[in-house]
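The values are calculated or read from the model by the stated rules, or taken from the named source; none is laboratory data. Model, not experiment: these values are computed from the prediction. As a convention, Cβ positions derive from the backbone with ideal geometry for all residues, glycine included, and neighbour counts pool all protein chains shown.
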Amino acid sequence: MHVALVNTNRIKPPIAPIGLDYIAEALNGAGHHVSILDLCWTDEWGSAIVNFFDKKDFDLVGITLRNTDDCSYTTRHSFLGEFTDIINMLRQTTQALVVLGGVGFSVMPEQVLGRCRADAGLWGDGEFGFVQLADKIESKQPWHDVAGLILAHGDRWRRRVRTCLLLGAGSCPSCYRTP
């Protein structure tokens, strides 16, 4: 399966998208073909998106939102406007499933999904859930039950309970359980 991962963090100085790298490595280890588009290094993100998606067809696109704002009391600059614009541009350039993730997304996932209208989101760590999602899509299995997945259900959001994949659901530390 061909998977695109997109880093939308454009704040300077640049910060490495380590979570995206973890997901890329996990996907590669599972046999998927991963390409990364890092928008931090471009002045014109719109043309970068078009050029990137013109070169290859992808089956799945993961997009990271590291921060929802600049975390500065004096400026209070929100990144959600530009993030929404990026999602809209992606929707115009690919037919792939668009899945959001990242720390900023996981802080308020339903609100970000509601604003951006992506297909789904993965709440919390994505290394296991994103691989599970890609595997299920590639094998044409139902994928709506992936742990940590958030999907629209009518006018509400449905959040799949996260389980600890390494330790088993019964021994999952409380920090990995949903409220």
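So, of the residues in region 112-149 that are in contact (Cβ under 8 Å) with a residue 24 or more places away in the chain and exposed (fewer than 15 other Cβ atoms within 10 Å of the Cβ), which turns out to be nearest to the chain's Cα centre (by Cα)?
The residue in question is Arg117.
Among (1) modelled with pLDDT of 90 or more; (2) under 18 Å from Ile23 (Cα atoms); (3) out of contact with any helix residue (DSSP H, G or I) (no Cβ under 6 Å at 6 or more places or on another chain), where does Ser139 come up short?
Condition not satisfied by Ser139: (2).
Collect the residues in region 58-89 that are assigned to a helix (DSSP H, G or I), surrounded by 20 or more Cβ atoms within 10 Å (Cβ to Cβ) and either at pLDDT below 90 or not β-branched (Val, Ile, Thr) (or both), keeping them in residue-number order.
Of the residues in region 58-89, the ones assigned to a helix (DSSP H, G or I) are 80-89.
Those left that are additionally surrounded by 20 or more Cβ atoms within 10 Å (Cβ to Cβ): 83, 86-87.
If the condition is that a residue be assigned to a helix (DSSP H, G or I), surrounded by 20 or more Cβ atoms within 10 Å (Cβ to Cβ) and either at pLDDT below 90 or not β-branched (Val, Ile, Thr) (or both), then Phe83 is the only one that fits.
Restricting region 1-57 to residues that are assigned to a helix (DSSP H, G or I) and polar (S, T, N, Q), which is farthest from Asn88 (Cα to Cα)?
The initial filter retains those residues of region 1-57 that are assigned to a helix (DSSP H, G or I), namely 18-29, 39-41, 45-55.
Narrowing further to those that are polar (S, T, N, Q): 28, 47, 51.
On the way: Asn28: 27, Ser47: 13, Asn51: 16 Å.
Ranking the candidates gives Asn28 first.
Could you tell me which numbered condition Glu44 fails, if it satisfies all but one of (1) at pLDDT 95 or above; (2) out of contact with any helix residue (DSSP H, G or I) (no Cβ under 8 Å at 6 or more places or on another chain)?
All conditions pass for Glu44, except number (1).
Got a sec? Which of Arg156, Arg160 is modelled with pLDDT of 55 or more and either exposed (fewer than 13 other Cβ atoms within 10 Å of the Cβ) or farther than 21 Å from Leu97 by Cβ (or both)? Lay out the reasoning, then the answer.
Details: Arg160 fails: either exposed (fewer than 13 other Cβ atoms within 10 Å of the Cβ) or farther than 21 Å from Leu97 by Cβ (or both).
Every option except Arg156 fails the conditions.
Kindly indicate whether Val98 is closer than 20 Å to Leu149 by Cα, modelled with pLDDT of 85 or more and buried (at least 20 other Cβ atoms within 10 Å of the Cβ). Break it down stepwise before answering.
Details: closer than 20 Å to Leu149 by Cα: yes; modelled with pLDDT of 85 or more: yes; buried (at least 20 other Cβ atoms within 10 Å of the Cβ): yes.
Here the answer is yes, as Val98 does meet what is asked.
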